[in-house]
Ligand code: 1HN
């Protein structure tokens with residue numbers, strides 16, 4: 001692309017000084033010259049800030065257990081270690097737009113009921129049967145389940161099993177806080193009252209059937225708030241067994257809102273990719289930064305110029321507009337989340353497929 005400005009000679013010292021003096025005077029009126037910042041405001045292509053990063057479960061888990069001895073879930077409100085991308089120190093961000101963390105609830109503990117306009121999802125890493133309650137229904141959270149807390153829904157977590165439960169949280173907090181549109185409140189009770197039997201939402205909305213009248217009780221969010229791994233895994237295994245996998249996506253299915261076929265959540269897109277043992281994917285990049293949690297399997301992620309070996313329950317970041325490809329040593333099931341749905345609605349999302 002022609003760029004005459006890049007080759008034009010710069011101004012002399014006297015002109016520069018005059019301009020600086022001018023900038024100084026207008027700054028007092030809260031005015032600034034666009035031409036000094038224009039290139040940074042409209043880059044020719046995305047310049048990703050987040051860095052590729054891997055949190056190994058075997059490294060992180062002992063720190064969570066240590067936190068479990070330092071304070072209770074109730075004291076902490078949520079006992080979470082934030083997965084903070086090294087490019088955003090102190091900002092509680094895994095990618096530019098997503099918060100991520102790992103939460104621990106010990107046997108007998110309760111994480112008290114509250115609600116917020118930020119949407120959350122949980123991807124369960126380890127469980128002998130803890131639960132979350134959302135909008136009057138409980139769901140048992142098992143390893144690999146994708147669980148949703150819709151915007152403004154009351155939610156509390158508990159663990160009546162004998163073992164710790166750990167899961168990854170992803171929230172759209174950086175987006176909500178960018179818009180400075182967030183609200184939150186605490187419930188009067190530690191745990192909300194339960195009005196429906198466990199499995200009610202899945203029966204009504206998750207069996208390829210829908211109530212004959214009415215929309216989602218959760219507005220723009222899917223009425224299914226637990227997509228069990230057992231079902232997702234079986235579907236992906238069948239897709240892979242049927243053959244002719246996509247060179248870039250292998251076997252990938254997205255978590256859908258049964259009310260409209262769109263993504264399950266209004267701000268966060270989630271999908272699961274199955275890469276069969278001994279196979280790999282061709283390089284792909286997209287404008288959404290992705291948090292990947294390994295549900296099952298070992299392999300290597302190539303992210304930009306980095307080679308990242310991963311194993312079960314590890315979590316890694318693929319920055320926006322950065323080439324990614326996966327190689328599976330074992331059958332891999334990769335849970336992925338990004339802001340793709342928000343970018344699509346705003347007309348911003350793009351992808352580029354490398355040579356297959
Ligand atoms: C939250 O409400 C949860 O409900 C987890 O489990 C992590 C991080 C920031 C703000 C709210 C939860 C959170 C959070």
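In the set 278, 262, only one residue is within 17 Å of the chain's Cα centre (by Cα) and surrounded by fewer than 18 Cβ atoms within 10 Å (Cβ to Cβ); that residue is 262. If you check residue 201 against the conditions, is it within 22 Å of the chain's Cα centre (by Cα) and buried (at least 20 other Cβ atoms within 10 Å of the Cβ)? So residue 201 does not fit the description; no.
Tell me yes or no: at least one residue of the stretch 38-53 is part of a helix (DSSP H, G or I) and touching a residue at least 24 places away in the same chain (Cβ under 8 Å). Scanning the stretch 38-53 turns up no residue that is part of a helix (DSSP H, G or I) and touching a residue at least 24 places away in the same chain (Cβ under 8 Å).
Looking at (1) part of a strand (DSSP E or B); (2) within 21 Å of the chain's Cα centre (by Cα), find the lone condition where residue 89 falls short. Unmet for residue 89, out of (1) part of a strand (DSSP E or B); (2) within 21 Å of the chain's Cα centre (by Cα): (1). The condition of being modelled with pLDDT of 95 or more, surrounded by fewer than 22 Cβ atoms within 10 Å (Cβ to Cβ) and farther than 30 Å from residue 200 by Cβ does not hold for residue 106. Evaluated against (1) within 20 Å of the chain's Cα centre (by Cα); (2) part of a loop (DSSP other than H, G, I, E, B), residue 192 falls short on exactly one condition, (1). One residue stands out in the stretch 78-87 among those that are touching a helix residue (DSSP H, G or I) at 6+ places or on another chain (Cβ under 9 Å) and in contact (Cβ under 8 Å) with a residue 24 or more places away in the chain: the one that is farthest from the ligand (Cβ to nearest atom), namely 83. For the stretch 65-77, the candidate set comprises residues that are surrounded by fewer than 18 Cβ atoms within 10 Å (Cβ to Cβ) and in contact (Cβ under 8 Å) with a residue 40 or more places away in the chain; within that set, the residue that is farthest from residue 285 (Cα to Cα) is 74. Got at least one residue in the stretch 162-182 being out of contact with any helix residue (DSSP H, G or I) (no Cβ under 8 Å at 6 or more places or on another chain), more than 30 Å from residue 334 (Cβ to Cβ), at pLDDT below 95 and more than 12 Å from the ligand (Cβ to nearest atom)? Within the stretch 162-182, not a single residue is out of contact with any helix residue (DSSP H, G or I) (no Cβ under 8 Å at 6 or more places or on another chain), more than 30 Å from residue 334 (Cβ to Cβ), at pLDDT below 95 and more than 12 Å from the ligand (Cβ to nearest atom).
Note on the stretch 142-158: among residues that are in a strand (DSSP E or B) and within 12 Å of the ligand (Cβ to nearest atom), the one that is nearest to residue 272 (Cα to Cα) is 147.
Yes or no, residue by residue, for (1) under 26 Å from residue 63 (Cα atoms); (2) surrounded by 15 or more Cβ atoms within 10 Å (Cβ to Cβ); (3) out of contact with any strand residue (DSSP E or B) (no Cβ under 8 Å at 6 or more places or on another chain):
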| residue | (1), (2), (3) |
| --- | --- |
| 154 | no, yes, no |
| 161 | yes, yes, no |
| 179 | no, no, yes |
| 185 | no, no, no |
| 224 | no, yes, no |
| 233 | no, yes, no |
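Residues that are part of a helix (DSSP H, G or I) and over 42 Å from the mean Cα position of the chain (by Cα) within the stretch 8-23 comprise 13, 14, 15, 16, 17, 18, 19, 20, 21, 22, listed in sequence order.
Scanning the stretch 220-248 for residues that are in a loop (DSSP other than H, G, I, E, B) and more than 24 Å from residue 147 (Cβ to Cβ) returns 243, 244, 245, 247, 248. Residue-level check: of (1) within 14 Å of the ligand (Cβ to nearest atom); (2) in contact with a strand residue (DSSP E or B) (Cβ under 9 Å, 6 or more places away or on another chain); (3) modelled with pLDDT of 95 or more, residue 202 misses just (1).
The values are calculated or read from the model by the stated rules, or taken from the named source; none is laboratory data. For clarity, every value in this text was computed on a predicted model and none was experimentally measured. Note that we place each Cβ from the backbone using ideal geometry, even for glycine, and neighbour counts take in every protein chain shown.
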